[in-house]
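The next block holds one structure in the form of structure tokens; read it before the comments.
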């Protein structure tokens, strides 16, 4: 599994939606790739922050840096 493959599967991994074979490959890659472990930690941290963020802030679009973050994810998927 490449780093790019892992990044595309992070959400499925966290949702426990990978097949046993994909999960094993994902975790094998994590074992040997510090950058991907850091990425996974960052995604977990982001989700934890979003989980405690008042919904009204996001609904109003009043979240500092949200547009830049969304643009960065869109650009990554295109690249």
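No value in this document is a laboratory result; all are computed from the given coordinates. Just so you know, these numbers come straight off a predicted model, no measurement behind them. Note that we place each Cβ from the backbone using ideal geometry, even for glycine, and neighbour counts take in every protein chain shown.
Against the definition (in contact (Cβ under 8 Å) with a residue 12 or more places away in the chain, touching a helix residue (DSSP H, G or I) at 6+ places or on another chain (Cβ under 7 Å) and within 21 Å of residue 65 (Cα to Cα)), how does residue 10 come out, yes or no?
no
Out of all the residues in segment 1-47, which are part of a helix (DSSP H, G or I) and more than 20 Å from residue 76 (Cβ to Cβ)?
Once the filter is applied, which keeps residues that are part of a helix (DSSP H, G or I) and more than 20 Å from residue 76 (Cβ to Cβ), segment 1-47 yields 20, 21, 22, 23, 24, 25, 27, 28, 31, 32.
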